[in-house]
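Participant: My questions will all concern the structure given below.
Just so it is clear, none of the values below were taken in a lab; they were calculated from the coordinates. These figures come from a predicted structure and were not determined experimentally. Here the Cβ is made from the backbone with ideal geometry for all residues, glycine too, and neighbour counts use every protein chain on show.
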Ligand SMILES: Cc1cc2nc3c(=O)[nH]c(=O)nc-3n(C[C@H](O)[C@H](O)[C@H](O)COP(=O)(O)O)c2cc1C
Ligand code: SF4
Ligand code: SF4
Ligand code: SF4
Ligand code: FES
């Protein structure tokens, strides 16, 4: 933990306005924001730790628990909603045995909803580990989760 | 015709990338390596639903839904003077006719592509492409032929209004910033595009990033700023990458940095990645967020033109506003003012989505009617369903019914109708969409995105949402409609920022045009669109052929029936997931949704 | 700003008033007995314009009077129909979100929410149409002196700003966002596990009963005095009931502290009536402490001083003394006792 964090911090100047970029880099490294990291960031930019925590909890991007290996983000944009996103969420959580958004016990999958990812023309869509899958229905979700995120071209 | 001078344009916007266009490019690249055919990847062509899209110039041959396995066929047509691959032509959903080039396609024919003129035409990662297409001419003119006052005058005379939603005169805003006192000023670009159902700004950033950089540099020279920031949402990784490449190339070529184009003008741009908060699109929140805080808006005045980022005079415009500016300065105010309506000049870019045949990105002159957009460009409602409403302005906007189909679209007409231009989402809703559910959806969005600072918005959106949830779940009460209207008024009048001030619009506009749907839920135990689970039941008709598909797929084990016999649903077990409705073969179509006659589902609410 | 602040003339509800340059319209109105409801404003803190109750109309536009600075010739209306409606909506929403156990609440007597809802004439029937929040969040009772009930918190942010702007501790922050926003500490820890130093500054400013002292105050009268704990000499009012001190509050008029206190001054008054408190000097005789008279004790000390001079002697001064007293101890040690061995408890 310590070393990775120090490497990240060494790329910054310790100014208060760097707080969000630092948090983003730390989350990239750990998949979430460990509590100690936020304390160290606070020390680094010379603000009370509560301030870092307040900022981190404001933005939807930041997580405070580790994620599963695969992240399934279900778009909750308007186009996706009217074309059936609620059913996609329902099916995804049902297949993975989750009660709503969250991480599976075996830490394989984390399911979350995200604000519009801008692929509205392909609604409803989800991203699995940054790869977008569009024009989904319940059946496609099942196949998608069965084989993980593989290109389905051809 | 020979194969040389041919250019293959492969769309690699987010939409087409997700439909695996990079693989197609790789396949074509491999095969065409040693030929004269140039392969170029571009930003979005707009017709994302038909993606991946491949265009062959100069003919303009338009291939839709291309798969990797189609690559050899395309190669053959290019190298051996073969016939074009007709199989991949776009098929008009209305006429079923195959259309060989994009010139033939109505989706493009009715559009006027100003902001999007480079999108899908140039390689966004090659600055030379942009320059060849006439790019950075506006900046040259601004630096060597015009005084800062003249630049502002041109922008003012063009009649350009902010494309971020509010529609404030861009020229006036620039003038305030120019006149504001201060050595340090900032130019900011709002690329937060948090509006769910909108992807116009993303497409511009992905397809033509230099147009935005150029517009910002012109603004910098006009108001006297040296530093610019682009606030871009982190959910747009491709846009961020293309911007990074563009900024690097612009610095290398002397369009950004010190002594731009040999003048003594200095201007540079940095990207700030948002972290997932819609409210950060609001101007003060955006600045407060860049400063490293919770993005909670603050009371204005002071206005950003006087005291913005770090307390310095700051100019904030939307992505498309800047993209317009570079062309306006180049081509003149009159050119721009000649397009559009009297008070709304230029074009409007819409992300046309929802229940529409051709989803995608379109650009039309201001003043075009929704009917032209939806039917002529969009190809009508998806699957031939009946049109119900069109939603514009996202969570700040409203739903317009059929009667507005012939009203010219511009800033003022939409506000008069109880909606808003917003940043350009246009979601088509059909007979299967429940308007109460749509209102609930938007309130759910604003409630989650409210920053929580001020009382009317923090508690008011929650209160309205709870009432709407009650209504769609069968707990609506007499008086709820009036209460929603009263709360809506109080929240609009009392909230601190634009989010709260517009949050009730989706409810108020649906109450205005679709009040009967609310009443049906509250008083008649009915969801007319058959969307809200509480009010619907599934039934199997006598036409059932007993294929057993529904029975096998029903996770609630509510369906019984012998093979080849008529099946039936045990209503007490049914979860109403609708799988039976989905899997029943279209030819049989024996599962029916019903609403309105359900004594067993009235719950605690009184049935009237 | 060495010049005299300018006096500004403006009109509020038709009444001509004057106010110092830089004053908010809200403070100007209140100073002239024109009441404007407000929840998130506190005269010690920077305004934020969050509760929206203090809205007034200027030139037909609604602005928050706490964030609007007086200007020459302003014409302010505090009570148009439009304003009233917006205020009413905000107040009804606040009450529907609030855990209303007013009878058992520590803030009952001076609750800003109750006061403004009475001012606005909120009717129970109106409230019944609304859906109450019923958040059911746990109450934090970890701090020995005060407790925090998030179900009563109106997210005015006064405590956060107090801890930042006045105390400089930065213990509190807004956590999460929107409807889920709560006041909390780093990592949502309880007060006792946080960096809080229990000064209670936030507690005294909380407009409702969210941050409230654990010990209810039943003072019958107040006595103005100076805190005995240290040389700063903060002005305090002791709340007295019978012959017992039951409460302390800072004296806002005293320039030394302008109302602020530390944990000892505010909460450390139990010693006054404590059974362990020494009220008479003790002298050790045959290994046991025995009560003595002051005269006797002082004589004993003086005689011992006379016996021990130079390096056998050391003085330890106290932070409870004033600067002048500490100076004298130092002088006495060097000049009379002839040693430099003098120290002070605050150095540790
Ligand atoms: C809640 C909220 C969200 C907003 N989101 C955006 C946005 O995503 N993009 C944008 O350009 N403007 C957005 N705006 C409008 C901006 O505050 C601002 O008016 C605009 O960026 C100014 O640029 P323009 O004059 O070029 O339109 C938003 C406003 C509010 C109140
Ligand atoms: S209106 Fe909503 S988003 Fe805007 S300041 Fe108030 S709570 Fe925050
Ligand atoms: S008691 Fe003092 S230190 Fe503790 S949170 Fe309140 S103001 Fe801050
Ligand atoms: S605890 Fe009190 S002072 Fe702090 S935000 Fe809540 S109501 Fe305001
Ligand atoms: S007192 Fe002015 S907004 Fe709260």
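Participant: Sorted from largest down, give the three principal axis spans of the alpha carbons of chain C, whole angstrom values.
Facilitator: So the three principal-axis extents are 84, 53, 41 Å.
Participant: Pull up the DSSP beta bridges for the protein assembly as shown and report the antiparallel fraction as a percent, rounded to 5.
Facilitator: 70 percent
Participant: From Cα pairs below 8 angstrom and at least 6 apart in sequence, can you work out the relative contact order of the stretch C:264-348, rounded to a whole percent?
Facilitator: 22 percent
Participant: Return the Rg/Rh value of chain B, two decimal places, where both radii are evaluated on C-alpha atoms and Rh is the Kirkwood radius.
Facilitator: That ratio equals 1.01.
Participant: Further question on the same structure: Name all residues of the stretch B:41-81 having a backbone nitrogen under 15 Å from the label point set 7 Å from the Cα of residue B:132 along its Cα→Cβ direction, giving them as ranges.
Facilitator: Output list for this probe position: B:41-43, B:57-58.
Participant: On to the next question. Output the antiparallel fraction of DSSP beta bridges having both residues in chain B, as a percent to the nearest 5.
Facilitator: 60 percent
Participant: Which FRET efficiency value, to the nearest 0.05, do you get for residue B:59 and residue B:431 by plugging their Cβ-Cβ distance into 1/(1 + (r/R0)^6) with R0 = 51 Å?
Facilitator: 0.80
Participant: Counting alpha carbon pairs within less than 8 Å and at least 6 residues apart, what relative contact order, in whole percent, applies to chain B?
Facilitator: This gives 11 percent for chain B.
Participant: With each label point set 7 Å from Cα along the Cα-Cβ vector, what nm distance links residue B:372 and residue C:46?
Facilitator: With each label placed 7 Å out from Cα toward Cβ, I get 5.0 nm.
Participant: Using a Gaussian network model on chain C with a 10 Å cutoff between Cα atoms, which of C:249, C:20, C:161 fluctuates the most?
Facilitator: C:20
Participant: Most exposed first by the Cβ proxy, i.e. fewest other Cβ within 10 Å, how do C:84, C:38, A:46, C:99 rank?
Facilitator: Arranged by neighbour count, lowest to highest, C:84, C:38, A:46, C:99 become A:46, C:84, C:99, C:38.
Participant: Another question, if that's okay. What nm distance separates the two modelled labels at residue C:59 and residue C:223, each placed 7 Å from Cα along Cα→Cβ?
Facilitator: A separation of 5.7 nm, rounded to one decimal place.
Participant: A further question follows. Just rank C:291, B:485, fewest to most, by other beta-carbon atoms within 10 angstrom.
Facilitator: If I rank by nearby Cβ atoms, fewest first, I get C:291, B:485.
Participant: Normalised radius of gyration for the stretch B:352-457, please: alpha carbon Rg relative to 2.2 N^0.38 Å, two decimal places.
Facilitator: In units of the globular-protein estimate, the stretch B:352-457 measures up at 1.10.
Participant: Grab the Cα-Cα distance for residue C:308 and residue C:13, subtract it from 0.36 nm times how many residues apart they are, and report the gain in nm with one decimal.
Facilitator: 98.6 nm
Participant: Measure nothing fancy, just the Cα-based angle from helix A:85-96's long axis to the longest principal axis of chain A, in degrees from 0 to 90, nearest 10.
Facilitator: 80 degrees
Participant: In degrees, nearest 10, range 0 to 90: what is the angle between the Cα axis of helix B:170-179 and the longest Cα principal axis of chain B?
Facilitator: Helix B:170-179 sits at roughly 50 degrees to that axis.
Participant: Under the rule of -39500 (n - 2.57) per DSSP H run of 4 or more residues, summed and divided by the residues of the protein assembly as shown, what mean residue ellipticity at 222 nm is obtained, to the nearest 500 deg cm²/dmol?
Facilitator: -9500 deg cm²/dmol, from helical runs alone.
Participant: Would you look at the GNM of chain C, springs on alpha carbons closer than 10 Å, and say which of C:94, C:300, C:238 moves the most?
Facilitator: C:300
Participant: In 10 Å bins starting at 0, how do the alpha-carbon pair distances of the stretch B:536-601 split up by percent?
Facilitator: Computed distribution, short to long bins: 23, 58, 18, 0.
Participant: Right, here's the next one. Please average, across the residues of A:82-89, the number of beta carbons from any other chain that are within 10 Å of each residue's own beta carbon, and give a whole number.
Facilitator: 4
Participant: Residue B:144 label point, 7 Å along Cα→Cβ, cut-off 20 Å on backbone N: hits in the stretch B:233-277?
Facilitator: B:250-267
Participant: A further question follows. Between residue A:143 and residue A:99, take the C-beta separation as r, use R0 = 30 Å, and let me know the FRET efficiency to the nearest 0.05.
Facilitator: Efficiency, rounded to the nearest 0.05: 0.85.
Participant: Order these by the 10 Å Cβ neighbour count, fewest first: C:116, B:542.
Facilitator: So the ranking, lowest neighbour count to highest, is B:542, C:116.
Participant: Using every Cα-Cα pair within the protein assembly as shown, state what percent have a distance larger than 46 Å.
Facilitator: 41 percent
Participant: Taking chain C as a Gaussian network, where each spring joins two C-alpha atoms under 10 Å apart, which residue of C:119, C:229, C:327 fluctuates the most?
Facilitator: Comparing C:119, C:229, C:327 in a Gaussian network model of chain C, the most mobile one is C:327.
Participant: What is the average number of partner chain Cβ atoms found within 10 Å of a Cβ in C:84-91?
Facilitator: Partner-chain Cβ atoms within 10 Å, mean over residues of C:84-91: 6.
Participant: Testing the spin-label approximation: label points 7 Å from Cα along Cα→Cβ at residue A:11 and residue C:318. State their distance in nm.
Facilitator: Rounded to a tenth, the inter-label distance reads 5.7 nm.
Participant: If you don't mind, another one. What FRET efficiency comes out for the pair residue B:270/residue C:118, r = Cβ-Cβ distance, R0 = 56 Å, nearest 0.05?
Facilitator: 0.60
Participant: Helix B:148-158 versus the longest principal axis of chain B: what angle, 0 to 90°, nearest 10, using Cα atoms?
Facilitator: It works out to around 40 degrees.
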